[in-house]
Amino acid sequence: MDKYLNVIALNIPYPANYGGVIDIYYKLKALHECGVHIILHCFEYERQHAPELLDICEEVHYYKRNTGLMANLSFLPYNVYSRKSPRLLDALLQNDYPILFEGLHSCYYLNDNRLRNRLKIFRECNIEHDYYRALVNSTNNLLKKSFFFIESLRFRAYQQKVSGADLILSVSTTDADYLRLVFPGKPIEFIPCFHANETITSRPGMSDYILYHGKLSVPENEKAVLFLIRKVFCHLKCRCIIAGMNPSRKIYKAAAPYSNIQIEANPDAKRMDELIHEAQIHILITFQDTGLKLKLLNSLFAGRHTIVNHLMLAGSGLDSLCHIADTPNDMIQACNELMAKPFDADTVAQRKKLLFPTFSNRDQAQKLWNLIEKCS
């Protein structure tokens, strides 16, 4: 029996080079490998059309976002209202296949009466009102603070729209527990983030640097980098590399006084892969506990020692694979100890035991399709 699925993505999920689109792209790829024919609907946002998506999708449809001031004059979240398109609804009505809504951003038509008889799946990628509330504290720009605060209030109210979904997929066990409280009686399943790693490629051995990597223009990541520079890296003697997309002037300025801190802006895929595999330590911190951080999975699949704070682990079940440090002093001590400790094959074996099958793309894609069939 042929398997078909509509997927609505908040952005064009190729190239898969930052959190939200990484989960979407590798989910599409894994579903394709499980024999699912995907009709992808994606909104254009700072990205070009990607013919590469036709390698894993039956069809790809693109829609313009309604950005600007007028899209902000709504009781709906800006990130939802700007992603409405009559063309999208028309395309969804051309078939009767299940519809997977990727994140609240893509849910404008979730409760449209014309889709009332369709199987609808909501993929949670963040508790959005908590995420935007945390962003309020991640910037000093008053205009951005105001936008994030208003968007948080809008998302808190809009969250109830998810009750129209037939199946809810959470990205962490912590988020699953929260969603069960908000939507009692709804089927809610934990499906972790999909990612680029098919196997564990961590290399035993040692090197001379610590790595932080991520999309550096994201306020949450910028806040983490500034904390590490000012509280941790400046007290270390080893090289500390901060790598990722679009670092701000604030990051460069904070790092400038310290000869051991190096910024690598916009490394290509080959260079990022080299940095991840060769780092002696990956250090990952966050100041909010929603979602599952893809940086963590990438580090455990491809890196050596990994230092995190408790919030980075929330709902992941990966605590035993990481070194946990919550204060600057604890982080400094852990860095000094692990820089002198070779990464060995026994640790790789421990990771294999815990990461599979829960974090296997193929296994989770099959689980997802089984859940869809069960709800049909």
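Of all residues in region 308-324, those that are assigned to a loop (DSSP other than H, G, I, E, B) and farther than 21 Å from Ser207 by Cα total 6.
Selection over region 137-147 of residues that are within 19 Å of the chain's Cα centre (by Cα) and without any contact (Cβ under 8 Å) to a residue 60 or more places away in the chain gives a count of 0. Filtered by the rule that a residue be touching a strand residue (DSSP E or B) at 6+ places or on another chain (Cβ under 7 Å) and either outside the structural domain of Leu228 (by TED's automatic domain parsing) or crowded, with 19+ Cβ neighbours inside 10 Å (or both), region 242-261 gives Ile242, Ala243, Gly244, Pro247, Ile251, Ala255, Ile261. Being over 30 Å from Asp130 (Cα atoms) and free of Cβ contacts under 8 Å to residues at least 12 places away in the same chain holds for only one residue in Asp319, Asp268, and it is Asp268.
Only residues that are more than 21 Å from Phe148 (Cβ to Cβ) and part of a loop (DSSP other than H, G, I, E, B) were counted in region 51-100, giving 11. When residues in region 101-127 are screened for being touching a residue at least 12 places away in the same chain (Cβ under 8 Å) and either of a type in the set (A, V, I, L, M, F, W, C) or part of a helix (DSSP H, G or I) (or both), 13 of them pass. At least 1 residues being within 20 Å of Ile283 (Cβ to Cβ) and hydrophobic (A, V, I, L, M, F, W, C) is the threshold, and among the strands (runs of 3 or more DSSP E) wholly inside region 150-265 those reaching it are 209-215, 239-245, 261-265.
Residue by residue, here is whether (1) at pLDDT below 95; (2) surrounded by fewer than 18 Cβ atoms within 10 Å (Cβ to Cβ); (3) at negative phi holds:
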| residue | (1), (2), (3) |
| --- | --- |
| Val182 | no, yes, yes |
| Cys193 | yes, no, yes |
| Ser202 | no, no, yes |
| Tyr209 | no, yes, yes |
| Lys223 | yes, no, yes |
| Arg230 | no, yes, yes |
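Restricting Thr173, Thr139 to those that are farther than 28 Å from Asn370 by Cβ, polar (S, T, N, Q) and modelled with pLDDT under 95 reduces the list to Thr139. Within region 28-35, identify whether any single residue is within 18 Å of the chain's Cα centre (by Cα), within 14 Å of Gly103 (Cβ to Cβ) and crowded, with 20+ Cβ neighbours inside 10 Å, and answer yes or no. Within region 28-35, none of the residues are within 18 Å of the chain's Cα centre (by Cα), within 14 Å of Gly103 (Cβ to Cβ) and crowded, with 20+ Cβ neighbours inside 10 Å. Contact annotation: residue pairs with Cβ atoms under 6 Å, 6 or more positions apart or on different chains, pairing a residue in region 42-62 that is in contact (Cβ under 8 Å) with a residue 12 or more places away in the chain with a partner that is surrounded by 13 or more Cβ atoms within 10 Å (Cβ to Cβ) and of a type in the set (Gly, Ala, Ser), are Cys42/Ala9; His61/Ala91. Inspection of region 358-365 identifies at least one residue that is in contact with a His (Cβ under 9 Å, 6 or more places away or on another chain) and either modelled with pLDDT of 95 or more or surrounded by fewer than 17 Cβ atoms within 10 Å (Cβ to Cβ) (or both). In region 148-175, which residue that is under 21 Å from the mean Cα position of the chain (by Cα) and of a type in the set (Asp, Glu) is surrounded by the most Cβ atoms within 10 Å (Cβ to Cβ)? Among them, the one singled out is Asp175. Against the numbered list (1) exposed (fewer than 14 other Cβ atoms within 10 Å of the Cβ); (2) within 16 Å of the chain's Cα centre (by Cα); (3) not β-branched (Val, Ile, Thr), Asn329 comes up short only at (2). Screening Leu28 on (1) free of Cβ contacts under 8 Å to residues at least 60 places away in the same chain; (2) out of contact with any strand residue (DSSP E or B) (no Cβ under 7 Å at 6 or more places or on another chain) shows it passes everything except condition (2).
The values are calculated or read from the model by the stated rules, or taken from the named source; none is laboratory data. Given the structure is predicted, the values throughout are model-derived calculations rather than measurements. Don't worry about glycine lacking a Cβ; one is built from the backbone with ideal geometry, like all the others, and counts go over all protein chains shown.
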